[in-house]
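The values are calculated or read from the model by the stated rules, or taken from the named source; none is laboratory data. This one's a predicted model, so the numbers in the text were calculated from it and none came from an experiment. Virtual Cβ from ideal backbone geometry, glycine too; neighbours counted across all protein chains shown.
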Amino acid sequence: MKQYLTVDEWSIIEEGFHPDYNQITESVFSLGNGRMGQRANFEEAFSGETLQGNYVAGVYYPDKTRVGWWKNGYPEYFAKVLNAANWIGIDVQLDGETLNLHQCEVTDFRRELNMREGWLERRFTATLPSGKQVRVEAKRFTSIVDDEVGAIRYSVTPLNFSGTLTLTPYVDADIMNADSNYDEKFWNEVLQEAQPTEGYVIAETKKTFFHVCTGQKFVVTQNGQEVALNATPTKRTKYIASRFDVAVQQGQETVLYKYAANLSSENHPKADLLANTKNVVCAPKRV
């Protein structure tokens, strides 16, 4: 593998798009604060090589040992750290065309993990199959002050067209571990709630019965002013989302601020998880 990362005193930097190394880069550029850890997955859809990962401290599953469990001296189970709900997701469409870097020509790509200030930033220009060009800047962090909270600033600027930008922020707990035996999923749904600009999913681990509530809330701005949204909330098993359209002009930046939280029954009574998560995500500050 070639050396494709630049390292300075406080940052790790990727200059240029390297999809063949993306799973490695997702690990190197991970964020964490001791309570939750998040791989450097893209917020928007990506059909290339990727390994989704959000991990909540103390939440595990006793998975059957894949090889050797029938032999003397081998444990029948081992404690597996579970992939928890995807809280960073933001589906992006431009006049109905999905932004997916695996299907785009990508230029001006830059990703930086700043370890002094504790944020991950990604910038790129994408040319979609239709020829539409868009500039995206995404910045996120997991808070060290409130270690159950994460926030994202996601901006989209059309470069050669005006039209309709469709954004769908979501929380997806219908996930699995890449190393799960027989493609087993380890979470059952307890509760979901979707409102126009916020939503929540509570999922329970099989066998160990941990509860984790993952919530989101978001606002959108153009020209520094908050945009009134006509968002449509949607739900399916272990998944909530809100979809909305925004009219965009060539060269105009639209910014989505997404605030999220992961609260677990390790730190909160199960009966209070939903209310406590709402209190966290509904009192955010701008990134």
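A search for C-beta distances below 7 Å between a residue of segment 79-98 that is without any contact (Cβ under 8 Å) to a residue 24 or more places away in the chain and any residue that is surrounded by 17 or more Cβ atoms within 10 Å (Cβ to Cβ), counting only pairs 6+ apart in sequence or on different chains, returns 79/60. Residue check: is residue 263 in contact with a Cys (Cβ under 6 Å, 6 or more places away or on another chain), at pLDDT 95 or above, surrounded by 14 or more Cβ atoms within 10 Å (Cβ to Cβ) and in a helix (DSSP H, G or I)? So residue 263 fails the test. Scanning segment 209-256 for residues that are of a type in the set (Ser, Thr, Tyr) and either surrounded by 20 or more Cβ atoms within 10 Å (Cβ to Cβ) or in contact with a Leu (Cβ under 9 Å, 6 or more places away or on another chain) (or both) yields a total of 5. Report whether or not residue 26 is surrounded by 17 or more Cβ atoms within 10 Å (Cβ to Cβ), of a type in the set (Asp, Glu) and touching a Leu at 6+ places or on another chain (Cβ under 9 Å). Here the answer is yes, as residue 26 does meet what is asked. Criterion applied to 214, 205, 277 was being in contact with a helix residue (DSSP H, G or I) (Cβ under 8 Å, 6 or more places away or on another chain) and among the β-branched types (Val, Ile, Thr), and the one residue passing it is 214. The condition of being over 30 Å from residue 212 (Cα atoms), of a type outside the set (Lys, Arg) and in contact with a Pro (Cβ under 8 Å, 6 or more places away or on another chain) holds for only one of 134, 106, that being 134. Scanning segment 205-225 for residues that are farther than 19 Å from residue 260 by Cβ and assigned to a strand (DSSP E or B) yields 205, 222, 225.
In this structure, residue 285 does not satisfy being modelled with pLDDT under 95, under 30 Å from residue 184 (Cβ atoms) and either part of a loop (DSSP other than H, G, I, E, B) or more than 20 Å from the chain's Cα centre (by Cα) (or both).
Inside segment 1-44, can you point out the residues that are modelled with pLDDT of 95 or more, of a type in the set (A, V, I, L, M) and not in a strand (DSSP E or B)? Within segment 1-44, 24, 28, 40 meet the criteria. Applying the criterion of being in a loop (DSSP other than H, G, I, E, B) and touching a Lys or Arg at 6+ places or on another chain (Cβ under 8 Å) to the residues of segment 45-58, the residue that is farthest from residue 179 (Cα to Cα) is 57.
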